[in-house]
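The values are calculated or read from the model by the stated rules, or taken from the named source; none is laboratory data. None of the values given here were measured: they were computed from a predicted structure. Cβ coordinates were reconstructed from backbone atoms using ideal geometry, including for glycine residues, and neighbour counts include every protein chain displayed. Ligands, DNA and RNA are excluded from the accessible area calculation, which covers all protein heavy atoms including side chains. Shrake-Rupley method; radii C 1.70, N 1.55, O 1.52, S 1.80 Å.
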Amino acid sequence: MEGASYQRFPTVKIREMKDDYCKFELHSTDASMANALRRVMIAEVPTVAIDLVEIEVNSSVLNDEFIAHRLGLIPLTSDRAMSMRFSRDCDACDGDGQCEFCSVEFHLRAKCINDQTLDVTSKDLYSSDHTVVPVDFSDSGSGIENSEQRGIIIVKLRRGQELRLRAIARKGIGKDHAKWSPAATVTFMYEPEIHINEDMMDTLTLDEKKSWVESSPTKVFDIDPNTQQVVVVDPEAYTYDDEVIKKAEAMGKSGLVEIYAKEDSFIFTVESTGAIKASQLVLNAIDILKQKLDAVRLSEDTVEADEQFGELGAHMRGG
């Protein structure tokens, strides 16, 4: 209808927040927007990762390509990635990708000089920028203190073996290569709404109630020990398997429970690789999604201008 507004005002409710984990609710929107946010978090939020490796000396058991691949997959702290330039767009180095605006240089020098195996890890990488360093997982909250844990192992060296290299880290997105993806996993589910027909439930015996509750593969329902009533203990554990509905129908109690998904309410779970905090990952994804929507709106305005002014509009834009 002309003049009608379909604008929505989504709301977010934070449930749990850690450096590498975030769980939140997204309300008053639809599945297309929720999935767009998920895809942007996985594939379009930029990070910094090693993209070029120059091997000077490598006498380890791993070949050069193998070591370069392992280096590329080491997550680097990428708090300043949003403000960095893509190497292909950098005018300071003419797209060479080796200047302070679009890259960070790393060096690694390791040699085993005794009979004990030397572990070469991500902590042996020395960065030219203190804000871009390999992610440190030693204080991840596991509560386990291990002096031997010195980062992500790159290679192991025996006596006389040596590894020397120079590496260049650049800004990129997961759409180009998985090493640039800041997300370990991003999932969302529809928030379920469960209604039990109490009058029909009262007609069941205690054994029938137990049988019905146990038909669910996950712990969604339980029986209150005081009232002997079936209660919903964890609606989010429901996996939309319809087992309790089938069980009710088999018992001749069709309509015993109604379960449907709220089409405008979603529960997100976000896990970060450590390159950026999970909360910052969500915020960056929202900013990028806004830019994409602005680009779509701008293109629509351009089409309308072409329809209104024809060749004159294209000529005014230089087309």
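Helix-only mean residue ellipticity at 222 nm, the chain, DSSP H runs n ≥ 4 weighted -39,500 (n - 2.57), per residue, nearest 500. What is it? Mind showing how you got there, number by number?
Working: 7 runs with 81 residues, N = 319.
Value at 222 nm, helices only: -8000 deg cm²/dmol.
Taken about its Cα centre, the chain carries a charge dipole of roughly 1300 debye when the Cβ of each Lys and Arg holds +1 and the Cβ of each Asp and Glu holds -1.
So if we plug the beta-carbon distance of I14 and D136 into 1/(1 + (r/R0)^6) with R0 = 25 Å, what FRET efficiency do we get, rounded to 0.05? The value I calculate is 0.50. So which trypsin sites (Lys or Arg not before Pro) in the stretch 17-70 end up in coil per DSSP with only 15 or fewer other C-beta atoms within 10 Å? The qualifying sites are K18.
Only helices at least 27 Å long along their own axis, judged from Cα atoms, and with Kyte-Doolittle mean hydropathy of -1.0 or greater: name those in the chain from DSSP H.
Values: long enough: 278-309 (46 Å, -0.08).
Answer set is 278-309.
Packing, as the average of other Cβ atoms within 10 Å across residues, places the peptides 200-209, 55-64 in the order 55-64, 200-209, highest first. Across the stretch 129-273, counting alpha-carbon atoms alone, Rg and Dmax equal 25.9, 80 Å.
A 1.4 Å probe run over the protein chains yields, for the chain, 59 Å² of accessible area per residue, whole-number rounding. Taking 17 Å as the cut-off, the amide N atoms of the stretch 233-263 that come nearer than this to a point 7 Å along the Cα-to-beta-carbon line of T203 belong to 245-258. Each principal axis of the stretch 190-258 carries a Cα extent, and these read 31, 26, 19 Å when sorted largest first.
Close amide H partners of V257, meaning residues 5 or more places away or on another chain with modelled amide H under 5 Å apart, are N197. Binning the C-alpha pair distances of the chain at 10 Å intervals from 0 yields a P(r) profile of 5, 18, 20, 19, 16, 12, 8, 2, 0 %, listed from the shortest bin outward.
Taking the Cβ of L108 as the centre, find all other residues whose Cβ is under 12 Å away and add up their charges (Lys, Arg: +1; Asp, Glu: -1).
Values: positive: R70, R109, K111, K123, R164, R166; negative: E54, E56, E105, D124, E162.
Summing Lys and Arg as +1 and Asp and Glu as -1 gives +1.
Which longest uninterrupted range of the chain lacks any chymotrypsin sites (Phe, Trp or Tyr not before Pro) assigned by DSSP to a loop state (not H, G, I, E or B) and surrounded by at most 11 other Cβ atoms within 10 Å?
Working: sites that count: Y6, Y240.
No qualifying site falls inside 7-239, the longest such stretch.
Across the stretch 232-240, rounded Karplus estimates of 3J(HN,Hα) from the backbone phi angles (6.51 cos²θ - 1.76 cosθ + 1.60, θ = phi - 60°) give 8, 9, 8, x, 6, 6, 5, 10, 6 Hz, Gly and Pro being marked x. Could you derive backbone 3J(HN,Hα) for the stretch 108-125 from the dihedral phi with the Karplus parameters 6.51, -1.76 and 1.60 (θ = phi - 60°), listing whole Hz in sequence and x where the residue is Gly or Pro? Karplus values, whole Hz, x for Gly and Pro: 9, 9, 9, 8, 8, 10, 9, 7, 8, 4, 9, 8, 8, 10, 4, 6, 8, 7. Here r is the Cβ-Cβ distance between E105 and H69 and R0 is 25 Å; the resulting FRET efficiency, rounded to 0.05, is 0.85.
In a simple Cβ point-charge model (Lys, Arg +1; Asp, Glu -1; nothing else charged), the stretch 42-111 has a dipole of about 360 debye relative to its Cα centre. Averaging the sequence gap over all C-alpha pairs within less than 8 Å and six or more residues apart, then dividing by the number of residues, gives the chain a relative contact order of 26 percent.
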